Amino acid sequence: MKQLETCKKCLNRAVSRKEGIVCGLTDAKPTFTDNCNEFELDPIQEKRVARYNREFNPKAVHKESAMKALMGGAPLLGIGLFLTILPLGSIIGVVGRILLISGIISVIYAIIKFFLIQEQYPEPTKKKNTHKKDDFEVY
């Protein structure tokens, strides 16, 4: 898998209909284990891969949908609360109650989605820095 990630960003990559991404120098699947001696970084492809990983990050997609639900549900909740003051017999009072229920459902959905994001995609734990700071290190 690491080979594929390396080859995706390599300037020497080629594509075969039968095998997929192959080395453009050997026309064969990669055989290196850790690092390729012939690797040349393709800056354009590196930006494409970074943009793809950023845009299609599942945690970001779920977080964005939860935010949209919250931002849509909060105004519905507020408008619904305001309109429920009116009598139930009037059409505006009924619409107010429908908006109130819709807003409550949307806000609850967003809250549940936020908790699920935290469970499915926990924050990585930071490793403690074991080396001592050197006076000459630049941060």
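Tabulated data
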item	result
Answer from Val94, Val49, Val22 - the residue that is outside the structural domain of Ile111 (by TED's automatic domain parsing) and either over 21 Å from the mean Cα position of the chain (by Cα) or free of Cβ contacts under 8 Å to residues at least 24 places away in the same chain (or both)	Val22
Residues that are polar (S, T, N, Q) and at pLDDT 90 or above, drawn from region 78-115	Ser102, Ser106
Selection status of Ile101, aliphatic (A, V, I, L, M) and in contact (Cβ under 8 Å) with a residue 40 or more places away in the chain	no
Residue within region 109-125 that is in contact (Cβ under 8 Å) with a residue 40 or more places away in the chain, among the aromatic types (Phe, Trp, Tyr) and either in the same structural domain as Leu11 (by TED's automatic domain parsing) or part of a loop (DSSP other than H, G, I, E, B) (or both) present	yes
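The values are calculated or read from the model by the stated rules, or taken from the named source; none is laboratory data. Fair warning: this is a prediction, and the values are worked out from it, not measured in the lab. Ideal geometry is used to build each Cβ from the backbone, glycine not excepted, and the neighbour counts take in all protein chains shown.
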